[in-house]
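Every number here is computed from the coordinates shown, using simple stated rules; none is lab data. Values in this document were obtained by computation on a predicted structure and should not be read as measured data. Cβ placement follows ideal geometry from the backbone for every residue including glycine, while neighbour counts extend to all protein chains displayed.
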Amino acid sequence: MEIPYNVELREDTGLYNSKLGIWLFLASEIMLFGGLFSAYILLRTGAPVWPPIGADGHSVLHMLKETVPHATFNTIVLIGSSVTMVMAWVSLKQKELSKYKMYMGITIACACIFLIVKYFEYSHKIHEGFVPAHDTYMALYFTLTGLHGLHIIGGIIVLAYFWGPGFKMWGLEPERFTNRIEVVGLYWHFVDLVWIFLFPVLYLLN
Amino acid sequence: MSVKDMSHHIANYRNIFIYLLIGTALTVIASYMDFNVQDSIAGAIFVGLLIACIKGYLVAANFMHLNSEKKIIYWILLLTVFFLALLLFIPLLWDLNNMSNQINY
C-alpha cells in the first residue's frame, strides 16, 4: 500500500506530511531546549557569583576564556554545515547528483569535526577537574552541550544514511527523496540554531 | 522552481553565510567590550543575545524557508513561542515570589 502525501500536498495543510511532522517535532524540541534554558536562567539569577566557585575553591571562568577560540571555530563549522546542507537540497532540485554527494559529504565531515573539537574540549575540562559535579555552571554546561551533541550524533546517522544506502531512493522516487533531504535539512538547521544561542550563553556571557 | 530561481537562492545562501560569519565575529568582539551598567553585565547579555537572535532569524528565515512557509507552520510556531515565553518567564515569577515573601516576613 502506498503511503499518501509523500510528494503531493494535502489540501488542508498545503504541505506534504513529513514536512508537517518535522515541524511538530521541532516544536517539541524548542520546548525541550527551552526548559533547559529556563533552568539556566533560574540557576544563574539565583547564584551570588557566576560561574559559581566549586568546593575546591576554583572557578571555571579562566578556562572558559581559553576555550572561546574552540567554540568560535565550532560555530563557524556548524554554520558552514548548514550552508552545505541547504546546497545539497538545491543540488537535488537541479538534479546535479555529484554536487549533492559532495555537499552532503562536507556536511557530515563538518558534523564530525564539531564532535572532535567537542571531545578535546570535554577532555581538557574533565582533566582539570571541571566535571558536572564541580558547580552549577558545569552541570548546566555538560547537560546543554551534551544534549546538543547527542542531536549532532543523531543528525550524522541520518545524513550518512541519505548519503549512502538511502540514496538509492533517488532512482525510484526522486521527488520523495528530495523532500526527505529538505526535512532532514530542517532538523539540521535547528541543531545549528540551538548552537547559535548556546555559544554566547555558555562561553561568552559570564 | 526554475534555474533562475535556484541561482537566486544560491546567491542568497552565500550572502547569509557571510552575514552569519560577521555576526559570529561581532558576538565574540562584543563579549570583550564593556557594556556594563552599574557593575551588572546585563548590557553585555543584551547585546550578545540580540546578535544571537538576529543570527537565529537569518537561519530560520532563509535556510529553513520560514520567510515563505504555509500558514499552519506559522501557527504551530506561534503556539510554541507562546509556551516557550511562559517557560522562560517562570524563573522571573519565582524571583518575584521570593522577593514578596522577603517583604512579608
(message) Residue by residue through A:47-59, how many Cβ atoms from other chains fall within 10 Å of the Cβ on average?
(response) 0
(message) As I understand it, the dipole of region A:132-206 uses +1 on the Cβ of Lys and Arg and -1 on the Cβ of Asp and Glu, about the Cα centre. Which of A:P174, A:I157, A:T145 lies farthest toward its positive end?
(response) A:P174
(request) Taking the Cβ of A:L205 as the centre, find all other residues whose Cβ is under 14 Å away and add up their charges (Lys, Arg: +1; Asp, Glu: -1). (result) +1
(request) Compute the FRET efficiency between A:L43 and B:L49 as 1/(1 + (r/R0)^6), taking r as their Cβ-Cβ distance and R0 = 22 Å, and round to the nearest 0.05. (result) 0.80
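Could you give the size of the charge dipole of the protein assembly as shown about its Cα centre, using +1 on the Cβ of each K and R and -1 on the Cβ of each D and E, expressed in debye and rounded to the nearest 20? Could the numbers behind the result be given before it?
Details: 18 positive and 20 negative charges, 154 e Å.
Approximately 740 debye in magnitude.
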(request) Arrange A:C110, B:C53 by Cβ neighbour counts within 10 Å, fewest through most, would you? (result) B:C53, A:C110
(message) If the reach is capped at under 17 angstrom between alpha carbons, list the lysines near B:K70, excluding any in the same chain fewer than eight residues apart.
(response) A:K19
(request) Using +1 at the Cβ of each Lys and Arg and -1 at the Cβ of each Asp and Glu in chain A, identify which of A:G129, A:T72, A:V201 lies farthest towards the dipole's positive end. (result) A:T72
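Highest first, please rank the peptides A:31-37, A:196-202 by the mean number of other Cβ atoms sitting within 10 Å of their residues. Please list the in-between numbers first.
Numbers: A:31-37: 16.4, A:196-202: 22.3.
Order by mean packing, descending: A:196-202, A:31-37.
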(request) Please report how far the C-alpha centroid of region A:1-65 lies from that of region A:147-167, rounded to the nearest whole angstrom. (result) 18
(message) Restricting to DSSP H runs of at least four residues, report the calculated mean residue ellipticity at 222 nm for chain A, -39500 (n - 2.57) per run over all residues, nearest 500 deg cm²/dmol.
(response) -26000 deg cm²/dmol
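Could you work out, residue by residue across A:122-134, how many beta carbons of other chains sit within 10 Å of that residue's beta carbon, and then give the average as an integer? Write out the running numbers ahead of the final one.
Working: counts 0, 0, 0, 0, 0, 0, 0, 0, 0, 0, 0, 0, 0.
Per-residue shielding by partner chains comes out at 0.
Taking the Cα centre as origin and putting +1 on Lys and Arg beta-carbons and -1 on Asp and Glu beta-carbons, what dipole magnitude results for region A:70-135, to the nearest 20 debye? Could the numbers behind the result be given before it?
Values: 6 positive and 4 negative charges, 98 e Å.
My answer is approximately 480 debye.
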(request) Please report the relative contact order for region B:1-68, taking Cα pairs under 8 Å with a sequence separation of at least 6, and give it as a percent rounded to a whole number. (result) 31
(message) Run the simple label-point estimate for A:E8 and A:E175 please: 7 Å along Cα→C-beta, distance reported in nm.
(response) 0.9
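Which net charge results for the neighbourhood of A:L15, defined as the other residues with beta-carbon distances under 15 angstrom from its beta-carbon, given Lys and Arg at +1 and Asp and Glu at -1?
On the way: positive: A:R10, A:K19, A:R176, A:R180, B:K70, B:K71; negative: A:E8, A:E11, A:D12, A:E175, A:E182, B:E69.
Result for the local shell: 0.
Enter the mean number of other protein chain beta carbons within 10 Å of the beta carbon of each residue in A:196-202, as an integer.
Details: counts 12, 6, 1, 6, 14, 4, 0.
The per-residue average across the peptide is 6.
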